[in-house]
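> The following block contains the structure, expressed as structure tokens.
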Amino acid sequence: MAPLGGAAPFDGNSPSSAIRTAELTRRFGDLVAVKAVSIEVRAREIFGLLGPNGAGKSTMIKMLTTLLRPTMGRAWVAGFDVTRESGRVRRNIGYVPQALSADGALSGYENLLVSARLYHVPPAERTRRIEQALELVGLAEAAGQLVRRYSGGMIRRLEIAQAMLHRPAVLFMDEPTVGLDPVARQAVWDHVRRLREVLGTTLLITTHYMEEAEDLCDRVALMHQGRIAAFGAPLELKAQLGDSATLDDVFMHFAGATIETGGGYREVLRTRRTARRLS
Amino acid sequence: MRSFAPAGPPVVYPDRSGGPFAFAGDIFAVADAEIRKLRHDPLELIMRAVQPTLWLVVFGQVMSRIRGVPTGRLSYLDFMAPGILAQSVMFIAIFYGVSAIRERDLGVLNKYMVSPISRTALVLGKAISAGARALSQAAIVYVLALLMHIHATLEPLNVAGVLALVVLGSAVFSTLSLMIACMVKSHERIMGMGQVMTMPLFFASNAIYPIALSAGVASVDCVRQPADLRSGRVARTDGAGRREHPWPWRGLRRAHRVRGPAGRDRDPAVSPAHRVGTHPEHAGLIPAGSDAANFGKCCLHGLIVIVRPRPTR
């Protein structure tokens with residue numbers, strides 16, 4: 001893979017942080033979905049936000065992508081405040097939501113074209129970047145087809161391609177592998193890794209597959225009931241418990257609950273729906 | 001609370017703002033996506049042609065043979081064709097919010113929401129794409145009209161004016177529909193709201209009959225309703241021994257009777273201003289007392305008809 005033109009918008013070796021939150025809190029009526037969370041994600045890091053359904057992961061992502069206003073606390077993404085400079089934040093991030101973001105009534109190429117326009121990719125560069133993105137996710141041959149006819153794995157890869165067209169400093173992915181078969185899942189992770197290598201993108205990923213997080217993430221935060229129960233590199237966290245410990249055990253230890261608990265009707269419905277469309 | 005972050009804001013990344021034409025470009029990007037969808041799915045165009053075709057070919061032909069609607073020197077089809085154009089364009093626009101709700105449910109809307117385009121550009125882009133849809137609909141009605149030898153004015157300025165109005169009208173109605181979509185948030189409710197808005201507007205307009213006819217009927221009815229309720233004539237029988245109800249459709253029937261030549265002065269509750277259409281040669285030519293007031297009444301009247309349960313006999 002040839003390196004893509006246009007260097008990453010920051011020096012990857014500097015210890016700057018791509019995301020930082022300070023006592024970030026979100027309430028829904030009486031329910032506190034996220035309770036005073038303070039974390040820092042370093043530039044060029046693949047960061048995993050783990051936890052069961054309803055732990056507050058999606059609420060966190062929505063606040064960081066400016067879709068939801070925090071009730072209290074502050075957050076900076078790519079150096080901009082998510083409430084006061086939301087427009088600038090949006091220009092510097094990409095987002096692959098758990099729900100569908102590719103339009104089935106358009107072809108793969110057109111989906112990318114729309115994204116390129118929305119993110120003000122210069123017209124002269126559009127075609128080249130779209131072709132590169134298609135190649136990067138292995139969809140060059142299917143570009144002319146309607147997305148409606150794509151398989152689940154292809155849709156996910158297209159969504160990743162459209163989220164990185166404008167070379168965002170930070171890419172958010174909400175449950176990117178829910179409902180994918182093992183082969184497609186592996187392919188998605190490969191693309192995620194390549195994104196960081198080629199573009200120097202910082203990635204924040206939510207998942208509830210612990211074994212994947214262990215493989216892929218540099219550092220993880222385990223969320224439980226809106227709080228960070230544990231934070232650090234997967235190996236460090238496991239080392240605290242002993243040789244044969246898994247991240248599931250780590251979660252058990254810090255949260256005092258299994259990963260299976262939690263999640264309301266809406267959460268389950270959403271996960272099932274995503275699983276259905278991608279399988 | 002344990003903190004996993006150092007204090008203070010992090011290093012600032014370079015800003016990437018759009019150029020001076022970014023706003024127009026954003027609107028275009030949104031509208032273009034919608035128009036491309038239409039191009040991929042021409043079946044939708046064909047299906048939407050069904051309704052105006054039925055109105056013109058079936059309803060229009062029948063009514064023009066009956067000659068039940070006085071339309072002056074125009075043939076009934078000539079009178080009705082512009083109404084069907086407006087109606088079919090408005091119907092599409094008013095249900096535009098349905099697609100917005102579908103996009104929201106699927107999550108496609110999120111793609112736009114996290115992108116740097118402004119909310120204004122998003123709404124304007126959607127409105128313009130609704131206008132483009134309406135243009136395709138207008139083209140269908142024009143073709144139908146030509147095939148049926150309806151006397152359409154084909155002067156370029158005239159056609160351009162019609163098309164401009166079509167785009168503007170559907171942009172307005174589609175944004176209204178988007179507003180409702182934002183409030184009701186479910187398919188079922190927006191379909192219901194659409195019905196509640198379209199049918200009264202349609203029947204209160206002069207799409208299929210001169211407005212004076214409908215205004216007369218509706219105002220007679222609306223004036224009579226409170227009087228009936230006040231005087232307690234809720235369920236008495238009329239002269240022919242039938243039960244009389246304060247329901248609108250009973251009122252409509254009475255209104256017709258009242259307007260017949262024999263019964264024109266029978267009911268003192270009908271003021272002279274409402275007796276438009278008493279003489280067939282005047283029908284549709286005399287403007288009703290105040291169209292705006294009557295229009296409001298008619299909308300309300302339509303709402304009443306829809307909301308009220310049908311009385312059992």
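Derivation of every value follows stated rules applied to the coordinates shown; laboratory data play no part. No experiment lies behind these values; they were computed from the predicted model shown. So basically every Cβ, Gly included, is an ideal-geometry build from the backbone, and we count neighbours across all protein chains shown.
> Counting only helical runs of four or more DSSP H residues, what would the 222 nm mean residue ellipticity of chain A come to if each run contributes -39,500 (n - 2.57) and the total is spread over all its residues? If you can, show how the numbers build up before the last one.
On the way: 10 runs with 106 residues, N = 279.
Mean residue ellipticity, 222 nm, calculated: -11500 deg cm²/dmol.
> Please give the net charge around B:Val89, taking every other residue with its beta carbon less than 11 angstrom from that of B:Val89, where Lys and Arg add +1 and Asp and Glu add -1.
Working: positive: B:Arg48, B:Arg133; negative: none.
With Lys, Arg at +1 and Asp, Glu at -1, the neighbours total +2.
> What order do you get for B:Met80, A:Met210, A:Met223 when you list them from fewest to most C-beta neighbours inside 10 Å? Working shown, then result.
On the way: B:Met80 25, A:Met210 20, A:Met223 28.
Taking fewest neighbouring Cβ atoms as first place, the list is A:Met210, B:Met80, A:Met223.
> So if R0 is 22 Å, what FRET efficiency would A:Glu125 and A:Arg84 give, r being the distance between their Cβ atoms, rounded to the nearest 0.05?
Details: r = 30 Å, r/R0 = 1.37.
For A:Glu125 and A:Arg84, the calculated efficiency is 0.15.
> To the nearest whole percent, what portion of all C-alpha pairs in region B:76-172 is separated by more than 16 angstrom? Don't jump to the answer; show the numbers that get you there.
Details: 2845 of 4656 pairs.
In whole percent, the share of Cα-Cα pairs in region B:76-172 beyond 16 Å is 61.
> Mind jotting down the three principal axis lengths of region B:24-187 based on Cα atoms? Whole angstrom, largest first.
Per principal axis, max minus min of the Cα coordinates gives 57, 34, 27 Å.
> Report, in degrees rounded to the nearest 10, the 0 to 90 angle that the Cα long axis of helix A:123-136 makes with the longest principal axis of chain A.
Once rounded, the angle reads 60 degrees.
> Let me ask another. Applying 1/(1 + (r/R0)^6) with R0 = 51 Å to the Cβ-Cβ distance of B:Leu135 and A:Glu197, what FRET efficiency is obtained, to the nearest 0.05?
0.60
> May I pose another question? Working from Cα positions, state the angle (0 to 90°, nearest 10) between the long axis of helix A:182-199 and the longest principal axis of chain A.
Between the helix axis and the principal axis of chain A, the angle is about 80 degrees.
> Here's another thing I want to ask about it. Hey, what angle do you get for helix A:152-164 against the long axis of chain A, alpha-carbon based, 0 to 90 degrees rounded to 10?
80
> While we're here: How compact and how long is region A:99-187, expressed as Rg and Dmax of its alpha-carbon atoms in Å?
Rg and Dmax of region A:99-187, Cα atoms, are 12.4, 38 Å.
> Using mean Cβ contacts within 10 Å as the protection proxy, how do A:141-148, A:237-244, B:140-147 order, highest first?
Most protected by this proxy first, the peptides run B:140-147, A:141-148, A:237-244.
> With a Cα-only, solvent-free Debye model of chain A, what are the log10 I(q)/I(0) values at q = 0.08, 0.09, 0.13, 0.14 Å⁻¹?
Taking Cα atoms of chain A as identical point scatterers yields -0.32, -0.40, -0.87, -1.01.
> How high is the FRET efficiency between B:Leu163 and A:Glu141 when r is their beta carbon distance and R₀ equals 51 Å, given to the nearest 0.05? Intermediate results must be reported in sequence, preceding the final value.
Values: r = 41 Å, r/R0 = 0.80.
Efficiency, from the Cβ-Cβ distance: 0.80.
> Just rank B:Glu155, A:Glu211, A:Glu40, fewest to most, by other beta-carbon atoms within 10 angstrom. Working shown, then result.
Working: B:Glu155 8, A:Glu211 11, A:Glu40 20.
The most exposed by this proxy come first: B:Glu155, A:Glu211, A:Glu40.
> I would also like to ask the following. On full extension of the chain, what length is gained from A:Arg69 through A:His253, given 0.36 nm per residue of separation minus the C-alpha to C-alpha distance?
Between A:Arg69 and A:His253, full extension yields an extra 63.1 nm.
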